[in-house]
Structures are given as structure tokens and as C-alpha cells.
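J.: Next up is a structure, given as C-alpha cells.
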Amino acid sequence: MLDSKRYCIMGADLRDIPELEEKLKKCNMNTQLPTLLIAECVLVYMTPEQSANLLKWAANSFETAMFINYEQVNMDDRFGQIMIENLRRRQCDLAGVETCKSLESQYRKSENKKEDDRGQNGLLREESSEGSSRLPRARLELYDSTCSFPISLHRTFQKERLLSNGWETASAIDMMNLYSKLPRAEVSRIESLEFLDEMELLEQLMQHYCLCWATKGGGELGLKEITY
């Protein structure tokens, strides 16, 4: 554990809620304060039951909170299956991938329901699967609003699974849709920094990752009005 007055970083098994709570207490986490929780390719490595337990714990523990999740989506189409196969060849199993079939199935994670394939097939080229071979980072961060420091939990979320586990509002969007909503001038500036001749592959990859967010309380902070 690395601990200071403004920053604390520690390792924890997110499947073990009692251990997680104990370590957070040692970092003086105040659950009465507005808190931002960020999961970056974390829940997909947990079984649906395990991630549901974590989401429920977070919703029950914090009075005012926002949960932001970034992970795979549309994994039931051919491109998604290639991504899964590439990871399995590297002995990396996505235990929660069944919840990543669509934005809707992400919503239903806690219920562990089967979802029809609503994924976007897009332009598929199997030989371009190298772009999905890099293992994503697994990180969960909690930000305490009073001192603005992140508590990072290393090791081992979009709509109904969150609502089913105690969150009051929830929204989700795939990264391609989100990318299309960025200011065009800024997109043009960024794209001009380095030439990219695999735009089709980039679009496929962004169709297979999503950003989801949920809130609890925080009406006076405008949390429920946050959208894209």
C-alpha cells in the first residue's frame, strides 16, 4: 500500500468485499461524501455474480456516488468473437463476457440473463485482429470529493444491471457513437497529428467498447443531468 495525505493506492481482490471494505477503512474512506468510482476493463474479468455483488456493494455503501465503467460491448458478433479468441490464446479469460453482448445485456449483468445479438457487425477483417490483442488495463478508482485523491484498487458495469443493483439512473453509449459526438474541429486536429490508414479497424474497435455511467443521489450536484 502507498498512502499519503492526498493519495492512497492499494491492491485488493474485488471479489472479496469484506477485504475491500477493510482496506478502504484503513485509507479513511468517508462513504458520506460524494464519490466517483471508475472501472476501466475491470468487471469483464469477473463472473456476472461477482461483478453484481461489487456494484450492489458500491450502491449500498455510498450516500452520493457516480459509477463510470469502460469495457467491451457487442462481443457476440464475429469481430467480438475474434477478440475473445485472441485473448484466450494468450490465456486471458473474460469471465464476464456474456454481459458484454450488447449495451442492453450490459444493463442486465446482475440478472445474468441471455441477450439476443444486437451487436454491430461493421466491417470485419479477421487479419486485422491484432488491434485487439493488447491486454486492457484493469483498474478501479474511487475519488473522495473532499481531498480529490484517487484510491486505486489493482486486480481484479451498462443500464439495467446497474439499476438492478441499487443505482438510481444509468446510461450507456458505444465509443464510436461517442466519438461522433466530439467537436469536429478537435477531432480533425487530433487526427492530423498522426496519419491513420486503418480507420475501418479503428471504427470496428470503437464499436466494441462502451462507456457506461450510473448515479445515486446527488440531485443538488446535478448528477442525474449528466449525459452526452
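The values are calculated or read from the model by the stated rules, or taken from the named source; none is laboratory data. Please read all numbers here as calculations on a predicted model, not as lab measurements. Using ideal geometry, Cβ is built from the backbone for each residue, glycine included, and neighbour counts are taken over all protein chains shown.
J.: Just to be sure, is LYS25 basic (Lys, Arg), surrounded by fewer than 16 Cβ atoms within 10 Å (Cβ to Cβ) and in a loop (DSSP other than H, G, I, E, B)?
T.: Values: basic (Lys, Arg): yes; surrounded by fewer than 16 Cβ atoms within 10 Å (Cβ to Cβ): yes; in a loop (DSSP other than H, G, I, E, B): no.
No: the conditions fail for LYS25.
J.: For residues that are part of a strand (DSSP E or B) and in contact with a Phe, Trp or Tyr (Cβ under 7 Å, 6 or more places away or on another chain), scanning just segment 48-67, find the one that is nearest to GLU160 (Cα to Cα). Reasoning before the result, please.
T.: Taking segment 48-67 as the starting set, the residues that turn out to be part of a strand (DSSP E or B) are 65-67.
Going one step further and asking which of them are in contact with a Phe, Trp or Tyr (Cβ under 7 Å, 6 or more places away or on another chain), we end up with 66-67.
Working: MET66: 15, PHE67: 14 Å.
Result: PHE67.
J.: For segment 73-182, please list each of the strands (runs of 3 or more DSSP E) lying entirely inside it that holds at least 3 residues being at pLDDT 50 or above and surrounded by fewer than 14 Cβ atoms within 10 Å (Cβ to Cβ).
T.: Per the criteria, no element qualifies.
J.: If I filter segment 28-47 down to residues being of a type in the set (Val, Ile, Thr) and part of a strand (DSSP E or B), which single residue comes out as surrounded by the fewest Cβ atoms within 10 Å (Cβ to Cβ)? Walk me through it before giving the result.
T.: Taking segment 28-47 and keeping what is of a type in the set (Val, Ile, Thr), we get 31, 35, 38, 42, 44, 47.
The next check asks that each one be part of a strand (DSSP E or B); those that pass are 35, 38.
Numbers: THR35: 24, ILE38: 18.
Top of the filtered list is ILE38.
J.: Of all residues in segment 183-203 being more than 20 Å from the chain's Cα centre (by Cα), aliphatic (A, V, I, L, M) and not in a loop (DSSP other than H, G, I, E, B), which is farthest from LEU43 (Cα to Cα)?
T.: As a first pass, look at segment 183-203 and keep what is more than 20 Å from the chain's Cα centre (by Cα): 183-201.
When the remaining residues are screened for being aliphatic (A, V, I, L, M), the result is 185, 187, 190, 193, 196, 199, 201.
From what's left, not in a loop (DSSP other than H, G, I, E, B): 185, 187, 190, 199, 201.
Details: ALA185: 34, VAL187: 29, ILE190: 30, MET199: 28, LEU201: 25 Å.
So, considering only residues that are more than 20 Å from the chain's Cα centre (by Cα), aliphatic (A, V, I, L, M) and not in a loop (DSSP other than H, G, I, E, B), the one farthest from LEU43 (Cα to Cα) is ALA185.
J.: Sticking with this one: So which residues in segment 2-28 are among the hydroxyl-bearing types (Ser, Thr, Tyr) and either farther than 18 Å from ILE38 by Cβ or touching a helix residue (DSSP H, G or I) at 6+ places or on another chain (Cβ under 9 Å) (or both)?
T.: From segment 2-28, those among the hydroxyl-bearing types (Ser, Thr, Tyr) are 4, 7; that's our starting set.
Once the filter is applied, which keeps residues that are among the hydroxyl-bearing types (Ser, Thr, Tyr) and either farther than 18 Å from ILE38 by Cβ or touching a helix residue (DSSP H, G or I) at 6+ places or on another chain (Cβ under 9 Å) (or both), segment 2-28 yields only SER4.
J.: What number of residues within segment 204-225 are outside any strand (DSSP E or B) and either surrounded by 17 or more Cβ atoms within 10 Å (Cβ to Cβ) or not charged (D, E, K, R) (or both)?
T.: Here is the first cut: in segment 204-225, the ones outside any strand (DSSP E or B) are 204-208, 217-225.
Those still in the list that are either surrounded by 17 or more Cβ atoms within 10 Å (Cβ to Cβ) or not charged (D, E, K, R) (or both) too: 204-208, 217-219, 221-223.
Counting residues in segment 204-225 that are outside any strand (DSSP E or B) and either surrounded by 17 or more Cβ atoms within 10 Å (Cβ to Cβ) or not charged (D, E, K, R) (or both) gives 11.
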